[in-house]
Amino acid sequence: MARGSSPSGSYREWERAQRAAAREQEQAARRREQERKAREREAAQAQAAARDAEATNKTQQVHHRVEELESILRASLSRDPRVDLRTLRKGVTMAPLELGPLGVPIPPPRWEDFAPRQPGGFAKLLGLRERRYTADLAAAESGFAQAQAEHRQAEVGRQREVVERRQAHDRKLDHARREASKHNAHIDKMATGLQTGDRYAVSDYMELVLRNAPYPSGFPNERHAGYVPESSLLAIEWYLPSLDVIPADKTFRHVKSRKAVEATTRPIGEIRQLYQRVIAQIALRTLREIFAADPNMLITTIVFNGRVHAVDPVTGQRIKPHLITLRATREQFTPLVLSEPKFNPVECVRRHFFADVSPHPDELVPVEPVMPYSMADPRAVDPIDVLSEIDKRPNLLELKPKEFEAFIQNLFTKMGFDTQLFHASGDGGVDCVAYDPHPIRGGKFIIQAKLYNHTVQPTHVRDLYGTVQHEGARTGIMITTSGYGPDSYKFAAGKPLNLIDGTGLLALCHDHGIPARIVPGKGKKTKP
């Protein structure tokens, strides 16, 4: 044993080494734990940052959607709503017929491919293989003849297939040409009708204008237009988006205690107000686009009815309630400054155009349209049938004043009113009192009819309003076989007056099974 060393000294060194190793292990374990916790903190911070970003992104998306809805009117002001009918014309651009390999004749068989090899010179001199060659030649000629027959049959089949394909292609081409010609004839007829104020042409064109207008996602494209030339009026039926178009969530936030992104619900009152602003903007934008797309000034008055496809939660039935309705003249609309930042669409439609806007669109509370679209729908009833000598429906303009009075009474009786005639005028006008017995919507109505073939003057509308006030009636209804001017509609706005023109009268007759037509130029000309 070396001097200075002992068993106890070696043991102490071993213990020191063990303690040092243990300390290193503990330090390594602490470092690993610290690194693990650091990684967890980094992961938690990354997850929290991701949730923060998610909340911010979702909130921005909601704000962008709301801004998009709030700018429906403002964003459209620079857009020209007119439709260039020339761009709607169709040409025939069918691709040429591609026959491929079928267009190439089948190569005929070649005798060289069948002919047997002739005997060589030495064999020929000795007459060897002559018999075999003769037999091979006969077989080759037979095979060649069969190949020629098969070729002729195949070529006939190919040519037949080519003819059939060409005929089918020609039929498709002819059909495409007929369809294009039919379409272009409709476009030309529409263009001509726009110059003459044809009812159907103006209706079709304005429907194109409505459907070409771009709107945000979630907006239906079902929009109808009906032109009433007697009153220079365009009735519009515009199907609105449902209340779901308004984001139900207002903001999103990161709730750190729950490590989740949660939404803040938009109050129902705010949803209702935003939806009212949306439909008011739709109405005003539609007025602007229609008036701007009518350079010939054929339209002086617009009736806008906005309704929605929905389901009645009480009955489960499908319903289409009106949520906004208004009537506007060009004269009323022209002074509006739609680009003004302080412009309030809802206040404008309510106070300037006396629009009726549903106070609770979230509950599908309907409003009564100022004029049902059916009274102007060109698809529902033809107001003028000039060629109809064989049409046995009575021409209202050929009726005498007393007959017209009886006709109006009969119509309102069919509509469920109790009527009493109390005054008849010499120009075919009739004043009567009609009573609706319904306990809620019923009441007393003053009805005046004008058997005219010219525009009813505004003075008659003012007189009707005076009669309504004097009699204490709920509503005054004026019916004419002709139409009204913008001044009459402007006066009636916001008042308990309902103006029904010739088209609307025929629509009422159609709805209640009363045969009638209005053929200008055949009746007695009445004076205002």
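Output the number of the condition that Arg177 fails; it satisfies all remaining conditions of (1) part of a helix (DSSP H, G or I); (2) over 27 Å from Asn212 (Cβ atoms).
(2)
Look through the stretch 145-164, keep the residues that are in contact (Cβ under 8 Å) with a residue 12 or more places away in the chain and among the aliphatic types (A, V, I, L, M), and return whichever of them is farthest from Glu112 (Cα to Cα).
Val162
Go through the stretch 252-300 and give me each residue that's among the hydroxyl-bearing types (Ser, Thr, Tyr), closer than 22 Å to Leu194 by Cα and modelled with pLDDT of 95 or more.
Quick first cut of the stretch 252-300, residues among the hydroxyl-bearing types (Ser, Thr, Tyr) only: 257, 264-265, 275, 286, 300.
Remaining after also requiring closer than 22 Å to Leu194 by Cα: 286, 300.
Thr286 - this is the single residue of the stretch 252-300 that is among the hydroxyl-bearing types (Ser, Thr, Tyr), closer than 22 Å to Leu194 by Cα and modelled with pLDDT of 95 or more.
Pick out the one residue from Thr286, Thr301 that is surrounded by 23 or more Cβ atoms within 10 Å (Cβ to Cβ), under 15 Å from Tyr205 (Cα atoms) and in contact with a Lys or Arg (Cβ under 9 Å, 6 or more places away or on another chain). Can you show your working first?
Working: Thr301 fails: under 15 Å from Tyr205 (Cα atoms).
Checking each option against the conditions leaves just Thr286.
Can you go through Lys444, Lys414, Lys450, Lys402 and tell me which one is at pLDDT 80 or above, of a type in the set (Lys, Arg) and either over 19 Å from Val468 (Cα atoms) or touching a Cys at 6+ places or on another chain (Cβ under 6 Å) (or both)?
Values: Lys444 fails: either over 19 Å from Val468 (Cα atoms) or touching a Cys at 6+ places or on another chain (Cβ under 6 Å) (or both); Lys450 fails: either over 19 Å from Val468 (Cα atoms) or touching a Cys at 6+ places or on another chain (Cβ under 6 Å) (or both); Lys402 fails: at pLDDT 80 or above.
Matching residue, one of Lys444, Lys414, Lys450, Lys402: Lys414.
Exactly one condition in (1) over 60 Å from the mean Cα position of the chain (by Cα); (2) of a type outside the set (Gly, Ala, Ser); (3) within 30 Å of Leu397 (Cα to Cα) is false for Met190; which is it?
Only one criterion in (1) over 60 Å from the mean Cα position of the chain (by Cα); (2) of a type outside the set (Gly, Ala, Ser); (3) within 30 Å of Leu397 (Cα to Cα) is unmet by Met190, namely (1).
Is it the case that Ala115 is small (Gly, Ala, Ser), surrounded by 14 or more Cβ atoms within 10 Å (Cβ to Cβ) and more than 39 Å from the chain's Cα centre (by Cα)? Lay out the reasoning, then the answer.
On the way: small (Gly, Ala, Ser): yes; surrounded by 14 or more Cβ atoms within 10 Å (Cβ to Cβ): no; more than 39 Å from the chain's Cα centre (by Cα): yes.
Judged against the criteria, Ala115 is not a match.
Between residues in the stretch 349-368 that are part of a loop (DSSP other than H, G, I, E, B) and residues that are of a type in the set (Ser, Thr, Tyr) and buried (at least 18 other Cβ atoms within 10 Å of the Cβ), which pairs lie under 8 Å by C-beta distance while being six or more apart or on different chains?
Ala355/Thr325; Leu364/Ser358; Val365/Ser358; Pro366/Ser358; Val367/Thr325; Val367/Ser358; Glu368/Thr325
Can you name the condition, by its number, that Phe353 falls short on among (1) in contact with a helix residue (DSSP H, G or I) (Cβ under 9 Å, 6 or more places away or on another chain); (2) closer than 30 Å to Arg307 by Cα; (3) modelled with pLDDT under 75?
The failed condition is (3).
Could you tell me whether any residue of the stretch 41-62 is part of a loop (DSSP other than H, G, I, E, B) and farther than 30 Å from Gly157 by Cβ? Walk me through how you get there before you give the answer.
Within the stretch 41-62, the subset part of a loop (DSSP other than H, G, I, E, B) is none.
Among the residues of the stretch 41-62, not one is part of a loop (DSSP other than H, G, I, E, B) and farther than 30 Å from Gly157 by Cβ, which makes the answer no.
I'd like to check something: does the stretch 100-123 contain any residue that is in contact (Cβ under 8 Å) with a residue 60 or more places away in the chain and closer than 30 Å to Asp188 by Cα?
First, pick out the residues of the stretch 100-123 that are in contact (Cβ under 8 Å) with a residue 60 or more places away in the chain: 102.
Then drop every residue that is not closer than 30 Å to Asp188 by Cα, which leaves none.
No, the stretch 100-123 contains no residue that is in contact (Cβ under 8 Å) with a residue 60 or more places away in the chain and closer than 30 Å to Asp188 by Cα.
Given the criterion farther than 18 Å from Pro81 by Cα, in contact with a Lys or Arg (Cβ under 7 Å, 6 or more places away or on another chain) and of a type in the set (Gly, Ala, Ser), identify the matching residue among Ala328, Ala248, Ala280. Can you show your working first?
On the way: Ala328 fails: in contact with a Lys or Arg (Cβ under 7 Å, 6 or more places away or on another chain); Ala280 fails: in contact with a Lys or Arg (Cβ under 7 Å, 6 or more places away or on another chain).
Being farther than 18 Å from Pro81 by Cα, in contact with a Lys or Arg (Cβ under 7 Å, 6 or more places away or on another chain) and of a type in the set (Gly, Ala, Ser) holds for just one of Ala328, Ala248, Ala280, which is Ala248.
What residue, of Arg82, Arg110, is modelled with pLDDT of 90 or more and closer than 30 Å to Arg177 by Cα?
Details: Arg110 fails: closer than 30 Å to Arg177 by Cα.
Exactly one residue qualifies, and that residue is Arg82.
Taking the condition under 21 Å from the mean Cα position of the chain (by Cα) and not β-branched (Val, Ile, Thr), does Arg110 pass? If you could, list the steps in order and put the result at the bottom.
On the way: under 21 Å from the mean Cα position of the chain (by Cα): no; not β-branched (Val, Ile, Thr): yes.
When the stated conditions are applied, Arg110 does not pass them.
Against the conditions (1) of a type in the set (D, E, K, R); (2) at pLDDT 75 or above; (3) surrounded by fewer than 19 Cβ atoms within 10 Å (Cβ to Cβ), where does Asp427 fall short? Just the number, please.
If we test Asp427 against (1) of a type in the set (D, E, K, R); (2) at pLDDT 75 or above; (3) surrounded by fewer than 19 Cβ atoms within 10 Å (Cβ to Cβ), just (2) comes out false.
Out of all the residues in the stretch 206-250, which are within 22 Å of Pro267 (Cα to Cα) and part of a helix (DSSP H, G or I)?
Restricting attention to the stretch 206-250, the residues satisfying the condition of being within 22 Å of Pro267 (Cα to Cα) are 218, 240-250.
Residues satisfying the conditions are Leu243, Asp244, Val245.
Mind listing whichever residues of the stretch 335-361 are of a type outside the set (A, V, I, L, M, F, W, C) and surrounded by fewer than 14 Cβ atoms within 10 Å (Cβ to Cβ)? Walk me through it before giving the result.
As a first pass, look at the stretch 335-361 and keep what is of a type outside the set (A, V, I, L, M, F, W, C): 335, 339-342, 344-345, 347, 350-352, 356, 358-361.
Answer for the stretch 335-361, where residues must be of a type outside the set (A, V, I, L, M, F, W, C) and surrounded by fewer than 14 Cβ atoms within 10 Å (Cβ to Cβ): Pro335, Ser339, Glu340, Pro341, Lys342, Asn344, Glu347, Arg351, Pro359, His360.
Being in contact (Cβ under 8 Å) with a residue 40 or more places away in the chain and of a type in the set (Phe, Trp, Tyr) is the filter; apply it to the stretch 441-496 and report the residue that is surrounded by the fewest Cβ atoms within 10 Å (Cβ to Cβ).
Here the residue is Tyr452.
If I go through the stretch 476-510 residue by residue, how many of them are farther than 15 Å from Phe407 by Cβ, polar (S, T, N, Q) and either modelled with pLDDT under 90 or within 30 Å of the chain's Cα centre (by Cα) (or both)?
3
Take the stretch 44-79 and flag every residue that is charged (D, E, K, R) and within 19 Å of the chain's Cα centre (by Cα).
In the first step, residues of the stretch 44-79 are kept if they are charged (D, E, K, R); the result is 51-52, 54, 58, 65, 67-68, 70, 74, 79.
Listed by number, the residues that qualify are Glu68, Arg79.
Ile106 passes all but one of (1) touching an Asp or Glu at 6+ places or on another chain (Cβ under 9 Å); (2) within 30 Å of Lys172 (Cβ to Cβ); (3) exposed (fewer than 13 other Cβ atoms within 10 Å of the Cβ); which number fails?
Condition (3) is where Ile106 drops out.
The values are calculated or read from the model by the stated rules, or taken from the named source; none is laboratory data. Computed from a predicted model, the values in this text were never measured in an experiment. Reconstructed Cβ throughout: ideal geometry from the backbone, glycine too, with neighbour counts over all protein chains shown.
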